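Visitor: I am attaching a structure below and will ask some questions about it afterwards.
The values are calculated or read from the model by the stated rules, or taken from the named source; none is laboratory data. In this text, all values refer to a predicted model and were calculated from it rather than measured experimentally. Cβ: placed from backbone, ideal geometry, glycine included. Neighbour counts: every protein chain shown. Ligands, DNA and RNA are excluded from the accessible area calculation, which covers all protein heavy atoms including side chains. Shrake-Rupley method; radii C 1.70, N 1.55, O 1.52, S 1.80 Å.
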Amino acid sequence: MNRLLPLGAAPVLLITVVGVSGCGGSDDPAPAQSATTVIRTVTEQPPEPTTTAPTSEAPPPASPRPSPPPPTTVVDAASVVRAYVAAINAQDYQRAWDLGGKNLSSSYAAFVDGFATTAYDSLHILRTTGDTVLVRLEAVQTDGTLRIFEGTYTVRGGTIVGADVHEVPGPSASSPYYENCDEAEAAGAAPLRPSDPGYGPHLDRDGDGVACEPYVP
């Protein structure tokens with residue numbers, strides 16, 4: 001007799017019945033002996049396949065961000081002119097040359113020789129318009145005399161690139177200096193003409209030869 005028994009997910013269990021008989025010396029038939037052998041064939045379930053997750057590739061290294069440019073130092077035109085005159089007063093002619101003297105003279109030697117009789121320069125910034133600086137220079141000479149210069153310096157990129165400065169005739173060491181017309185009026189000197197002590201082109205804004213004249217509406 002065959003029996004079908006389930007065992008998990010295993011296939012058929014095969015049951016085999018084996019009969020054993022023998023002959024004896026007795027007339028009585030020997031009782032039949034039977035043995036039942038149960039053979040179980042177990043087929044194990046195959047292990048579930050393991051799925052290996054695909055290895056994700058490492059992202060490429062991020063490109064370094066470019067460094068921002070260094071900040072640009074902005075130097076106003078008047079400061080450059082002040083530094084230039086200060087270098088001349090300190091007899092640091094190389095610095096004055098670098099600040100723009102190289103654009104005002106044919107050679108370094110000629111530039112230095114131009115200050116051979118100058119003891120000291122007093123700088124007055126009269127007005128700054130864009131890259132143009134209107135100045136008045138009171139140059140004390142080595143012999144004690146005073147020379148007055150007025151004009152403009154043009155500054156670009158932190159360097160003096162041009163100058164239009166001329167000596168103003170007439171004033172002497174005892175001549176008063178007025179920064180503006182308010183000072184001249186307060187001193188009772190206005191209006192001023194070129195022959196008057198204290199006259200300067202920087203006070204004659206309209207260029208008619210009379211400085212600090214009364215305003216007529």
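Visitor: With the checklist (1) within 25 Å of ARG82 (Cβ to Cβ); (2) surrounded by fewer than 17 Cβ atoms within 10 Å (Cβ to Cβ); (3) at pLDDT 80 or above in hand, flag the one item PRO191 doesn't pass.
Guide: (1)
Visitor: Taking into account only those residues within region 147-166 that are among the aliphatic types (A, V, I, L, M) and modelled with pLDDT of 95 or more, which is nearest to the chain's Cα centre (by Cα)? First the steps, then the outcome.
Guide: Narrowing region 147-166 to residues among the aliphatic types (A, V, I, L, M): 148, 155, 160-161, 163, 165.
Right, trim to modelled with pLDDT of 95 or more and you get 155, 160-161, 163.
On the way: VAL155: 23, ILE160: 25, VAL161: 26, ALA163: 32 Å.
Applying the filter and picking the extreme gives VAL155.
A quick yes/no check of all residues on (1) in contact (Cβ under 8 Å) with a residue 24 or more places away in the chain; (2) in contact with a Lys or Arg (Cβ under 8 Å, 6 or more places away or on another chain):
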residue	(1), (2)
ARG82	yes, no
ASP92	no, no
ARG95	no, no
GLY101	yes, no
LEU104	yes, no
TYR108	no, yes
SER122	no, no
LEU126	yes, yes
THR145	yes, no
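Visitor: Residue under question is GLU138, and the condition is that it be of a type in the set (Asp, Glu) and either closer than 22 Å to ASP92 by Cα or open to solvent by less than 40 Å² (accessible area, probe 1.4 Å) (or both); does it hold?
Guide: On the way: of a type in the set (Asp, Glu): yes; either closer than 22 Å to ASP92 by Cα or open to solvent by less than 40 Å² (accessible area, probe 1.4 Å) (or both): yes.
When the stated conditions are applied, GLU138 passes them.
Visitor: Does any residue of region 110-119 turn out to be open to solvent by less than 50 Å² (accessible area, probe 1.4 Å), free of Cβ contacts under 8 Å to residues at least 12 places away in the same chain and more than 29 Å from ASP204 (Cβ to Cβ)? Don't jump to the end; show me each part of the working.
Guide: Step one: list which residues in region 110-119 are open to solvent by less than 50 Å² (accessible area, probe 1.4 Å), which gives 110-112, 115, 118.
Those left that are additionally free of Cβ contacts under 8 Å to residues at least 12 places away in the same chain: 110.
Okay, now just the ones that are also more than 29 Å from ASP204 (Cβ to Cβ), so 110.
The answer is yes, given that some residue of region 110-119 is open to solvent by less than 50 Å² (accessible area, probe 1.4 Å), free of Cβ contacts under 8 Å to residues at least 12 places away in the same chain and more than 29 Å from ASP204 (Cβ to Cβ).
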